[in-house]
Amino acid sequence: MAKRERFQLDGRVSVHDSVQEMYEHIRRDGLTNVWDRFEPQEKIRCNFCLGGVSCQLCTNGPCRISDNVGAVLGVCGIDRNAMAMRDMLLRNVMGTATYTHHAYEAFRTLKATAQGKTPFTITDKDKLYTFAGQVKVDTSGSPEQVAIRLADFLIGELYRDYDEPGTMVEVFAPEPRKKLWRELAIYPAGVMHEIKDATASCLTNVDGDFVSLAKKGLRLGIACIYGAQIGLEMVQDILFGTPMPHEVQVDLGIMDPDYVNIVFNGHEPWIGVATILAARDPQLQAQAREAGAKGIRVTGSIECGQEVLQRFPIDDVFRGLTGNWLTIEPLLATGTVDVFAMDENCSPPWLAPYAEKYCVTLVCVSDLVRMPGVEKHLDYKPTEVAGQARELIRLGIENFKKRHGHITPRVPRKVQKAIAGFSTEAVLKALGGKLDPLVDVLKAGKIKGVVALVNCTTISTGPHDYMTVELAKELIRRNILIVSGGCGNHALEVAGLANLEAAEQAGEGLREICRSLNIPPVLSFGTCTDTGRISMLVTAVANHLGVDTSALPVAVTAPQYLEQKATIDGLFALAFGLYTHLSPTPPVTGGPDLVKLLTEDLEGITGGKVALGDDPVQAANGIEEHINKKRAALGI
């Protein structure tokens with residue numbers, strides 16, 4: 001496996017001018033920041049940890065594997081391959097657990113909404129009935145009655161036992177995959193059981209076989225997609241509307257210091273949507289004006305912002321998306337934020353100094369989130385969310401009185417347009433309701449293939465969003481269409497690759513298709529949870545052609561993945577039979593047999609394989625070669 005490479009960009013920390021400008025402003029203000037904190041850590045990196053051959057799970061350790069001193073096994077006898085895979089499996093348990101937390105919140109929110117206990121409504125009734133029918137939930141009665149039954153069913157699916165196939169997998173997974181998963185003994189139980197079993201397997205002296213641990217990781221990935229992700233996205237569609245393409249605005253330039261600015265940050269949309277609804281109350285807007293503000297605005301940051309961006313138009317209240325998680329510190333430093341409400345994950349733990357310096361009220365709105373110096377907690381509860389949203393607005397108005405006129409704002413001028421809302425339904429609508437036009441242009445070679453870019457963002461391999469943006473440019477130049485989700489999606493939106501003008505940067509064939517369908521070369525599919533939604537599109541294409549998913553000219557890339565939610569998506573892609581490019585190199589290089597399994601042998605087992613590389617051109621070369629190979633096998 002390749003070693004991690006770190007690209008330099010003329011001293012810049014980000015490819016985005018707005019973030020670069022704010023970084024320089026933060027440094028002048030003397031605040032610690034993620035980029036400057038990276039450098040001293042880089043000097044003390046542990047090569048054992050980078051290779052995955054370090055273990056601290058029991059008191060006989062920490063153990064490390066080193067041929068130089070004859071330490072070829074841990075004290076317990078575990079070898080280097082199992083040590084690295086066990087560590088990777090534990091990481092993926094964390095990612096799956098977080099997705100499952102989101103799913104449970106979605107399902108209980110649907111039920112509470114149907115009972116009239118939230119400010120939300122059942123917006124997409126057609127999807128409610130369609131989805132309920134697909135999973136064999138009784139569709140008789142009112143929408144509210146169906147929604148309650150559906151919510152109970154989905155909660156039950158989380159705990160589906162081993163003796164009966166999960167309905168979600170049976171309904172939404174491709175037939176060839178289900179057959180293969182049964183043959184490989186990786187057909188999953190409910191996601192809660194898979195979390196339990198994977199975690200228990202990582203206990204000291206339980207499972208020391210790296211192949212067994214890898215298979216449990218694949219099971220976990222399948223359970224995560226079908227047990228958590230697909231259900232939660234379908235429920236969010238039912239509640240807030242199925243995404244359809246519409247123009248939005250992104251980047252830090254959307255912030256206006258003369259408004260009371262409530263920013264919601266994290267992965268779940270509940271607090272953000274409730275605050276938007278509350279902020280449309282004329283009485284609350286009047287209170288803001290009485291405090292000297294022009295009004296109340298609500299803005300999204302990272303994934304929960306993207307969830308809303310996919311479904312809500314830009315208007316006088318909802319202003320758009322600021323960016324991904326590395327944009328959080330620069331956002332607070334603009335001196336425009338009154339309340340920063342943090343749910344589920346991706347809220348860095350050292351934000352209190354920013355709140356003090358730039359007069360921001362930090363509020364934890366999930367029971368998962370706590371951080372030093374933050375004492376305001378409004379943990380989300382569906383039945384209380386309307387009041388929680390109004391309390392956030394009250395806090396925002398009070399903060400505005402302290403901030404405005406006392407903190408000098410610094411807002412970058414850049415505002416970027418993007419097209420958001422490309423759900424599976426939206427893609428089918430653009431194609432006239434059937435997949436034949438997409439298949440035809442694939443056969444004609446105008447689009448060589450499709451790549452799902454599902455990504456975080458990290459600075460471990462270079463500047464903020466560099467690898468993501470440059471790889472995307474390389475792919476569309478080669479007539480490869482991108483569907484994107486996660487923090488990488490925010491990167492491409494802010495970089496201007498998700499708007500109609502970006503077609504000019506695409507190859508001739510893709511450019512022609514973009515113009516004829518009036519779409520950008522990067523289709524904004526949403527967040528990291530939309531990996532499940534993307535899998536549904538891939539399944540539809542495979543079923544249409546009558547082939548397995550592994551036969552398609554498609555690939556997955558996570559070119560600047562950060563953490564455990566990204567790695568579990570990667571394991572699912574491998575189980576789904578897809579070529580999966582990762583950058584940076586995951587911490588498994590200390591296990592040569594494990595490396596061989598992931599990068600070579602797995603292709604003959606599931607059809608999927610791991611590809612590595614921190615250089616965007618080389619990564620694009622590998623993806624294009626794979627797509628061309630699949631095209632040749634299909635005879636197109």
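Only the coordinates and a few stated rules stand behind these numbers; no lab work does. Keep in mind that this is a model prediction, so the values were computed, not measured. Every residue, glycine among them, receives a Cβ derived from its backbone with ideal geometry; neighbour counts consider all protein chains shown.
Using the Cα centre of the range 304-405 as the reference point, and only Cβ charges (+1 on K/R, -1 on D/E), how large is the resulting charge dipole? Debye, rounded to the nearest 20.
Roughly 280 debye for the range 304-405.
Could you sort out which of 179/429; 179/434; 196/609; 294/414 sit more than 24 Å apart by Cα distance in this structure?
Details: 179/429 31 Å; 179/434 27 Å; 196/609 26 Å; 294/414 21 Å.
Distance filter (> 24 Å) returns 179/429; 179/434; 196/609.
Which whole-angstrom value gives the distance between the alpha carbon centres of the range 181-224 and the range 570-630?
20 Å
Rounded, prolate or oblate: which one fits the range 91-243, using the alpha carbon gyration tensor with axes a ≥ b ≥ c (rounded when a/c is under 1.5, else prolate when a/b beats b/c, else oblate)?
prolate
With unit charges on the beta carbons (Lys and Arg positive, Asp and Glu negative) and the dipole taken about the Cα centre of the chain, which residue among 439, 203, 419 sits farthest to the positive side?
419
For the ranges 587-598, 499-510, 219-230, what's the packing order if you count other beta-carbon atoms within 10 Å of each residue, average per peptide, and put the highest first? The partial results should precede the final answer.
On the way: 587-598: 21.1, 499-510: 17.5, 219-230: 28.8.
Result, highest mean first: 219-230, 587-598, 499-510.
Mind giving me the FRET efficiency for residue 29 and residue 8? R0 is 25 Å, r the Cβ-Cβ distance, nearest 0.05 is fine.
The calculated FRET efficiency here is 0.50.
In nanometres, what is the gap between the two model label sites at residue 144 and residue 440, each 7 Å from Cα along Cα-to-Cβ?
With each label point 7 Å from Cα toward Cβ, the separation is 4.7 nm.
Within the set 111/376; 473/630; 381/565; 178/215; 376/401, which residue pairs have Cα atoms separated by over 25 Å? Don't skip to the end; give the middle numbers.
Details: 111/376 27 Å; 473/630 22 Å; 381/565 23 Å; 178/215 15 Å; 376/401 18 Å.
From the list (111/376; 473/630; 381/565; 178/215; 376/401), the Cα-Cα distance tops 25 Å for 111/376.
With r as the distance between the Cβ atoms of residue 200 and residue 171 and R0 = 25 Å, compute the FRET efficiency 1/(1 + (r/R0)^6) and round to 0.05. Please list the in-between numbers first.
Working: r = 29 Å, r/R0 = 1.14.
Plugging the Cβ-Cβ distance into 1/(1 + (r/R0)^6) gives 0.30.
Please give, to one decimal in nm, the separation of the simple spin-label points placed at residue 287 and residue 125, each 7 Å out from Cα toward the Cβ.
Taking the simple label geometry, residue 287 and residue 125 are separated by 3.4 nm.
How large is the convex hull of the Cα atoms of the chain per residue, expressed in Å³ as a whole number? Could the numbers behind the result be given before it?
Values: hull volume 92.7 nm³, N = 636.
Cα convex hull per residue, to the nearest whole number: 146 Å³.
What FRET efficiency do you get for residue 183 and residue 280 if R0 is 51 Å and r is their Cβ-Cβ distance, rounded to the nearest 0.05?
Computed FRET efficiency for residue 183 and residue 280 comes out at 0.40.
Per the Cauchy relation, a quarter of the hull surface: what is the mean projected area of the convex hull of the alpha carbons in the range 241-326, in nm²?
Numbers: hull surface 22.0 nm².
Here the figure is 5.5 nm², rounded to one decimal.
Report D for the range 228-276 in µm² per second (integer): Stokes-Einstein, Kirkwood Rh on Cα pairs, 37 °C, 0.692 mPa s. All intermediate terms of the calculation are to be shown ahead of the outcome.
Working: Rh = 13.3 Å.
Answer from the Stokes-Einstein relation: 247 µm²/s.
Based on the mean of other beta carbon atoms within 10 Å per residue, what is the order of 527-534, 23-30, most packed first?
Details: 527-534: 28.5, 23-30: 14.8.
The densest-packed peptide leads the list: 527-534, 23-30.
Evaluate the relative contact order of the range 552-636 (contact order divided by residue number), counting alpha-carbon pairs under 8 angstrom at least 6 apart; express in whole percent. Before the final figure, lay out the partial values.
Details: 115 pairs, mean separation 29.7, N = 85.
With pairs under 8 Å counted, the relative contact order is 35 percent.
Provide the net charge surrounding residue 383, with neighbours chosen by a C-beta distance below 13 Å and charges set as Lys +1, Arg +1, Asp -1, Glu -1.
Details: positive: 108, 111, 117, 381; negative: 105, 379, 384.
Net charge around residue 383: +1.
Which peptide among 572-585, 168-181, 418-431 comes first, and what is the full order, when sorted by highest mean count of other Cβ atoms within 10 Å?
Working: 572-585: 26.1, 168-181: 18.5, 418-431: 21.3.
By packing density, highest mean first, the sequence is 572-585, 418-431, 168-181.
Report the Cα centroid-to-centroid distance between the range 491-560 and the range 324-384 in angstrom, as an integer.
If you average the Cα positions of each part, the centres end up 33 Å apart.
Where does the chain land at 222 nm, in deg cm²/dmol rounded to the nearest 500, when only DSSP H runs of n ≥ 4 count, each adding -39500 (n - 2.57), divided by all residues? Mind dumping the intermediate values first?
On the way: 26 runs with 297 residues, N = 636.
Computed ellipticity for the chain at 222 nm equals -14500 deg cm²/dmol.
Determine the dipole magnitude for the chain: charges of +1 sit on the beta-carbon of Lys and Arg, -1 on that of Asp and Glu, nothing else is charged, the reference point is the Cα centre, and the result goes in debye to the nearest 20. List each step's numbers first, then the result.
Details: 65 positive and 76 negative charges, 63 e Å.
That gives a dipole near 300 debye.
So for the range 289-394, Kirkwood radius off the Cα pairs, Stokes-Einstein at 10 °C and 1.306 mPa s: how many µm² s⁻¹? Let's see the in-between values first.
On the way: Rh = 14.5 Å.
Answer, rounded: 109 µm²/s.
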